[in-house]
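**Student:** I am attaching a structure below and will ask some questions about it afterwards.
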Amino acid sequence: MINVLIAEDDFRIAQVQEQFLKKVADVQLVGKALNAKETMKMLNENKVDLLLLDIYLPDELGTDILPRIRELYPTTDVIMITAATEKDMLETSIRQGVFHYLLKPVTMEKFIETIENYKNRRKLFYSQDEVTQVFIDQYFTKGNQQTLNQKDLPSGVDKITLQKVIEVLNASNGGVTIEEMGERMGASRTTARRYLEYLVSIDVCISKHEYGIVGRPERKYFKKGGVY
């Protein structure tokens, strides 16, 4: 579960962000801060994995408290959500290592896409004990490319269903058969095969035959190179 703190002085926008978060699995809101002072207090009192930080807070700029956040809470990731379009604000945020920078107004689709992307990168990072170049390349490239738009998908492949298939695949360390996938996603064997073969075609998973107790081979699908 990912603990999220919202730092936003407009309570209406904070409520909207809270509603958006409820649409994302495995995240929970630990609090909403209205200013920089409350933000630092809540960071001190709660375990926060991800901070959604506005820049124009009433007592201090969000960019001004970033160095303190980095020093005191180095494991807390930050996504800036702001109306600030000044390039120097973006540059300061980037140099302080923020995960992303979203400009208001943020659509629900963009918000959810960004949070899902964060989740994917986080899962990928903690899925490996040792660092290899393959892992690094995957983190900095594929980790950013896993949220697909519906227009990018072939006919017969739905974005939401595909994400469910990927989640099942990620949770199946020993691989998954077509029948097992169909049961877990609540679909027919034909539909499960279509989605799994699509993931094979885009190099997200691999398939191979394994022999069971009675010697009959079965086709199993495995996530490729970590969590997506």
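The values are calculated or read from the model by the stated rules, or taken from the named source; none is laboratory data. Just so we're clear, the structure is a prediction, and the values are computed from it rather than from any experiment. A quick note on method: Cβ atoms are made from the backbone with ideal geometry, for glycine too, and the neighbour counts reach across all protein chains shown. The accessibility values were calculated without ligands, DNA or RNA, using every heavy atom of the protein model including side chains. Shrake-Rupley method; radii C 1.70, N 1.55, O 1.52, S 1.80 Å.
**Student:** Just the residues that are in a loop (DSSP other than H, G, I, E, B), within 21 Å of the chain's Cα centre (by Cα) and under 22 Å from Tyr126 (Cα atoms), please, taken from the stretch 155-203. Outline the logic, then answer.
**Tutor:** From the stretch 155-203, those in a loop (DSSP other than H, G, I, E, B) are 155-158, 172-175, 186-188, 202-203; that's our starting set.
Subset that is within 21 Å of the chain's Cα centre (by Cα): 157-158, 172-173, 202-203.
Hits for the stretch 155-203 are Ser172, Asn173, Asp203.
**Student:** Give just the number: which of (1) charged (D, E, K, R); (2) open to solvent by 40 Å² or more (accessible area, probe 1.4 Å); (3) at pLDDT 95 or above does Asp26 not satisfy?
**Tutor:** Among (1) charged (D, E, K, R); (2) open to solvent by 40 Å² or more (accessible area, probe 1.4 Å); (3) at pLDDT 95 or above, the lone unmet condition for Asp26 is (3).
**Student:** Has the stretch 175-182 got any residue that is at pLDDT below 85 and surrounded by fewer than 16 Cβ atoms within 10 Å (Cβ to Cβ)? Lay out the reasoning, then the answer.
**Tutor:** So the first thing to find is which residues in the stretch 175-182 are at pLDDT below 85, and the list is none.
No, every residue in the stretch 175-182 fails to be at pLDDT below 85 and surrounded by fewer than 16 Cβ atoms within 10 Å (Cβ to Cβ).
**Student:** If you don't mind, another one. Could you tell me which numbered condition Glu18 fails, if it satisfies all but one of (1) charged (D, E, K, R); (2) part of a helix (DSSP H, G or I); (3) more than 20 Å from the chain's Cα centre (by Cα)?
**Tutor:** With (1) charged (D, E, K, R); (2) part of a helix (DSSP H, G or I); (3) more than 20 Å from the chain's Cα centre (by Cα) applied to Glu18, the lone miss is (3).
**Student:** Looking at (1) open to solvent by 30 Å² or more (accessible area, probe 1.4 Å); (2) in contact with a Lys or Arg (Cβ under 8 Å, 6 or more places away or on another chain); (3) in contact (Cβ under 8 Å) with a residue 24 or more places away in the chain, which is the one condition that is false for Phe11?
**Tutor:** All conditions are met except number (3).
**Student:** Determine the pairs where a residue that is closer than 20 Å to Tyr118 by Cβ, located within the stretch 71-100, has a partner that is of a type in the set (Lys, Arg) with Cβ atoms under 7 Å apart, the partner being 6 or more residues away or on another chain.
**Tutor:** Ile81/Lys104; Thr82/Lys104; Gln96/Arg70; Gly97/Arg70
**Student:** Could you tell me whether Ala36 is farther than 14 Å from Phe111 by Cβ, touching an Asp or Glu at 6+ places or on another chain (Cβ under 9 Å) and either of a type in the set (A, V, I, L, M) or open to solvent by 50 Å² or more (accessible area, probe 1.4 Å) (or both)?
**Tutor:** When the stated conditions are applied, Ala36 passes them.
**Student:** Return only the number of the condition from (1) under 17 Å from Val30 (Cβ atoms); (2) open to solvent by less than 50 Å² (accessible area, probe 1.4 Å) that Thr82 does not satisfy.
**Tutor:** If we test Thr82 against (1) under 17 Å from Val30 (Cβ atoms); (2) open to solvent by less than 50 Å² (accessible area, probe 1.4 Å), just (1) comes out false.
**Student:** I'm trying to understand the selection: among the residues of the stretch 55-74, which are open to solvent by less than 50 Å² (accessible area, probe 1.4 Å) and over 25 Å from the mean Cα position of the chain (by Cα)? If you could, list the steps in order and put the result at the bottom.
**Tutor:** We begin by selecting, within the stretch 55-74, every residue open to solvent by less than 50 Å² (accessible area, probe 1.4 Å); these are 55, 57, 62-63, 65-66, 69, 73.
Hit for the stretch 55-74 is Leu57, nothing else.
**Student:** Filter the stretch 85-99 down to residues that are under 23 Å from the mean Cα position of the chain (by Cα), within 20 Å of Phe111 (Cα to Cα) and open to solvent by 60 Å² or more (accessible area, probe 1.4 Å), then give me how many there are.
**Tutor:** Here the count works out to 2.
**Student:** Just give me the residues in the stretch 101-111 being without any contact (Cβ under 8 Å) to a residue 24 or more places away in the chain and open to solvent by 30 Å² or more (accessible area, probe 1.4 Å), in sequence order. Talk me through it step by step, then tell me what you get.
**Tutor:** First, pick out the residues of the stretch 101-111 that are without any contact (Cβ under 8 Å) to a residue 24 or more places away in the chain: 101-103, 105, 107, 109-110.
Passing the criteria: Tyr101, Leu103, Pro105, Thr107, Glu109, Lys110.
**Student:** If you don't mind, another one. Taking the condition small (Gly, Ala, Ser), surrounded by fewer than 17 Cβ atoms within 10 Å (Cβ to Cβ) and modelled with pLDDT of 85 or more, does Gly212 pass? Reasoning before the result, please.
**Tutor:** Numbers: small (Gly, Ala, Ser): yes; surrounded by fewer than 17 Cβ atoms within 10 Å (Cβ to Cβ): yes; modelled with pLDDT of 85 or more: no.
Judged against the criteria, Gly212 is not a match.
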